[in-house]
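The values are calculated or read from the model by the stated rules, or taken from the named source; none is laboratory data. Owing to the predicted nature of the structure, the values given are computational and were not obtained by experimental measurement. Counting neighbours? That spans all protein chains shown, and the Cβs are built from the backbone with ideal geometry, glycine included. For the accessible areas, the whole protein counts, side chains as well, though only heavy atoms, and no ligand, DNA or RNA atoms are used. Shrake-Rupley method; radii C 1.70, N 1.55, O 1.52, S 1.80 Å.
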Amino acid sequence: MKLIPIIAALTLSVTPVFAADYPERNIFMVVPYAAGGPTDTIARLTADAMSKSLGQQILVENVAGAGGTIGARRVADADPDGYTILVHHIGMATAPALYRQLPYKPMEAFEPIGLVSDAPMTVVARNDFPAGTFQELVAYIKQNSTQITYAHAGIGAASHLCGTLFMSLMGTQMTTVPYKGNGPIMTDLLGGQIDMTCDQATNTVGPITQKQVKAYAMTGETRAATLPDVPTTTEAGMPEFKLGVWHGLYAPKGTPKEITDKLTSALQAAMDDAVLKERFAQIATLPATKEQATQDALRSKLDSEIKRWDPIIKAAGQFAD
């Protein structure tokens, strides 16, 4: 009869020792998208910087498919030992509305570690598109609506969300063209096969600065240092058009707090790493501040973004399942 409390006491005594030794081997950071994309780039930079303070290598593993839900579920089902973590963008918040049969609940299936980064979206069009300014773009779209082709990288992609929000605010629909990735979109945009898209500055800085595409506005709070001539949507007259592609870091539910605390500390150190900050700046991405790279900040951000996007997605009537 006395064995149960003894076992319980032993269990409680083992956890802090285990956490104190963490990490003792490589950690896997799951990216729920293909290699080479913006989330993959941010993950690899973050993993390298975090490895320095943790004393163990963080290896990036790409588990793509189903709008990021396959990789997310992989981590949700993983052992809560701190050796499998997830980096995910705004798609973590939009998945509950986009996938009516989502096999996990983002607010319940994970332990937040902290926010990682935030990158604005850029509204871009083929180089010979008629409109010269953002205001002219909106007027032109309203006059031509469905004759204009808007490309996105699939239901739930940041480019899809950006276009959905833009069209909702204008009260005008364009002809949407789904692609299987941002790379093919940019190829066709450069070739003039499609009219416009909305993509992370991470992907568009090069084509914009090389004047291969026409940039109208960016959806961040301030102009990007690498794109000083591109106005914000607030400056361009549409302050409600705000969309940052933020990334967060998560562990499986049940991961001991001693371990998530260590990961949060490593994340905060990474956000202050000189190499990471320089590389993030080059791709117009802001690293999280010390206050943002916390468990409470990510939990609050995820909750508010789920509530923000739920009515927008449901009103659009476009679902991924």
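Being in contact with a Cys (Cβ under 8 Å, 6 or more places away or on another chain) and either open to solvent by 20 Å² or more (accessible area, probe 1.4 Å) or on the phi < 0 side of the Ramachandran plot (or both) narrows it down to one residue among Leu243, Leu286, Leu276, Leu263; which is it?
Values: Leu286 fails: in contact with a Cys (Cβ under 8 Å, 6 or more places away or on another chain); Leu276 fails: in contact with a Cys (Cβ under 8 Å, 6 or more places away or on another chain); Leu263 fails: in contact with a Cys (Cβ under 8 Å, 6 or more places away or on another chain).
Going through Leu243, Leu286, Leu276, Leu263 in turn, the sole match is Leu243.
Which of (1) under 19 Å from Ile90 (Cβ atoms); (2) assigned to a helix (DSSP H, G or I) does Thr264 not meet, given it meets every other one?
It fails just one condition, (1).
Identify the residue in the range 220-240 that is at pLDDT below 95 and of a type in the set (S, T, N, Q) and, among all such residues, is surrounded by the most Cβ atoms within 10 Å (Cβ to Cβ).
Filtering first and then ranking leaves Thr226.
Tally up the residues in the range 289-319 that are assigned to a loop (DSSP other than H, G, I, E, B), in contact (Cβ under 8 Å) with a residue 60 or more places away in the chain and either surrounded by fewer than 19 Cβ atoms within 10 Å (Cβ to Cβ) or not small (Gly, Ala, Ser) (or both), please. Even if it seems obvious, please write down each step before you answer.
Initially, the range 289-319 is screened for residues assigned to a loop (DSSP other than H, G, I, E, B), giving 289-294, 317-319.
Narrowing further to those that are in contact (Cβ under 8 Å) with a residue 60 or more places away in the chain: 292-294, 318-319.
Those left that are additionally either surrounded by fewer than 19 Cβ atoms within 10 Å (Cβ to Cβ) or not small (Gly, Ala, Ser) (or both): 292, 294, 318-319.
Residues in the range 289-319 being assigned to a loop (DSSP other than H, G, I, E, B), in contact (Cβ under 8 Å) with a residue 60 or more places away in the chain and either surrounded by fewer than 19 Cβ atoms within 10 Å (Cβ to Cβ) or not small (Gly, Ala, Ser) (or both): 4 in total.
Name the residue that is surrounded by the most Cβ atoms within 10 Å (Cβ to Cβ), counting only residues in the range 17-28 that are in contact (Cβ under 8 Å) with a residue 60 or more places away in the chain and hydrophobic (A, V, I, L, M, F, W, C). Please lay out each step first, then the result.
Taking the range 17-28 as the starting set, the residues that turn out to be in contact (Cβ under 8 Å) with a residue 60 or more places away in the chain are 18-20, 22-23.
Within this subset, residues satisfying the condition of being hydrophobic (A, V, I, L, M, F, W, C) are 18-20.
On the way: Phe18: 14, Ala19: 18, Ala20: 10.
Among residues in the range 17-28 that are in contact (Cβ under 8 Å) with a residue 60 or more places away in the chain and hydrophobic (A, V, I, L, M, F, W, C), the one surrounded by the most Cβ atoms within 10 Å (Cβ to Cβ) is Ala19.
The rows are residues; the columns are (1) open to solvent by 10 Å² or more (accessible area, probe 1.4 Å); (2) touching a residue at least 60 places away in the same chain (Cβ under 8 Å); (3) over 17 Å from Thr39 (Cα atoms).
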residue	(1), (2), (3)
Pro112	yes, yes, yes
Val124	no, yes, yes
Gly132	yes, no, yes
Ala139	yes, no, yes
Ile194	no, yes, yes
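So how many residues does the range 198-214 have that are open to solvent by 30 Å² or more (accessible area, probe 1.4 Å) and in contact with a strand residue (DSSP E or B) (Cβ under 9 Å, 6 or more places away or on another chain)? Please lay out each step first, then the result.
Going residue by residue through the range 198-214, those that are open to solvent by 30 Å² or more (accessible area, probe 1.4 Å) are 203, 209-212, 214.
Then keep just the ones that are in contact with a strand residue (DSSP E or B) (Cβ under 9 Å, 6 or more places away or on another chain); that gives 203, 214.
Result for the range 198-214: 2.
Out of all the residues in the range 93-107, is one or more closer than 21 Å to Met271 by Cα, in contact with a Ser or Thr (Cβ under 7 Å, 6 or more places away or on another chain), of a type outside the set (Val, Ile, Thr) and surrounded by 19 or more Cβ atoms within 10 Å (Cβ to Cβ)? Give the steps one after another, and end with the answer.
Initial filter on the range 93-107 (closer than 21 Å to Met271 by Cα): none.
Taking every residue of the range 93-107 in turn, none turns out to be closer than 21 Å to Met271 by Cα, in contact with a Ser or Thr (Cβ under 7 Å, 6 or more places away or on another chain), of a type outside the set (Val, Ile, Thr) and surrounded by 19 or more Cβ atoms within 10 Å (Cβ to Cβ).
Restricting attention to strands (runs of 3 or more DSSP E) lying wholly within the range 84-179, give those where 1 or more residues are over 24 Å from Tyr216 (Cβ atoms) and at pLDDT 95 or above.
On the way: elements: 84-88, 110-126, 149-152, 175-178.
Qualifying strands (runs of 3 or more DSSP E): 84-88, 110-126.
Look through Ile85, Ile42, Ile90 and report the one residue that is surrounded by 23 or more Cβ atoms within 10 Å (Cβ to Cβ), over 21 Å from Ser159 (Cβ atoms) and of a type in the set (A, V, I, L, M, F, W, C).
Numbers: Ile42 fails: over 21 Å from Ser159 (Cβ atoms); Ile90 fails: over 21 Å from Ser159 (Cβ atoms).
On inspection, the qualifying residue turns out to be Ile85.
Please go through (1) open to solvent by less than 80 Å² (accessible area, probe 1.4 Å); (2) in contact (Cβ under 8 Å) with a residue 24 or more places away in the chain for Lys253 and return the number of the only condition it doesn't satisfy.
Just one mismatch for Lys253, condition (1).
Across the range 190-212, what is the total count of residues that are outside any helix (DSSP H, G or I) and not β-branched (Val, Ile, Thr)?
Let us first name the residues in the range 190-212 that are outside any helix (DSSP H, G or I), namely 192-200, 210-212.
Now drop any that are not not β-branched (Val, Ile, Thr), which leaves 192-193, 195-196, 198-200, 210-212.
So the answer is 10.
Do you know which residues across the range 26-69 are assigned to a loop (DSSP other than H, G, I, E, B), in contact with a Pro (Cβ under 9 Å, 6 or more places away or on another chain) and on the phi > 0 side of the Ramachandran plot?
Our first condition is that a residue be assigned to a loop (DSSP other than H, G, I, E, B); within the range 26-69, this holds for 26, 32-37, 55-57, 63-65.
Next, from what is left, pick out any that are in contact with a Pro (Cβ under 9 Å, 6 or more places away or on another chain): 55-56, 63-65.
Matches in the range 26-69: Gly55, Gly65.
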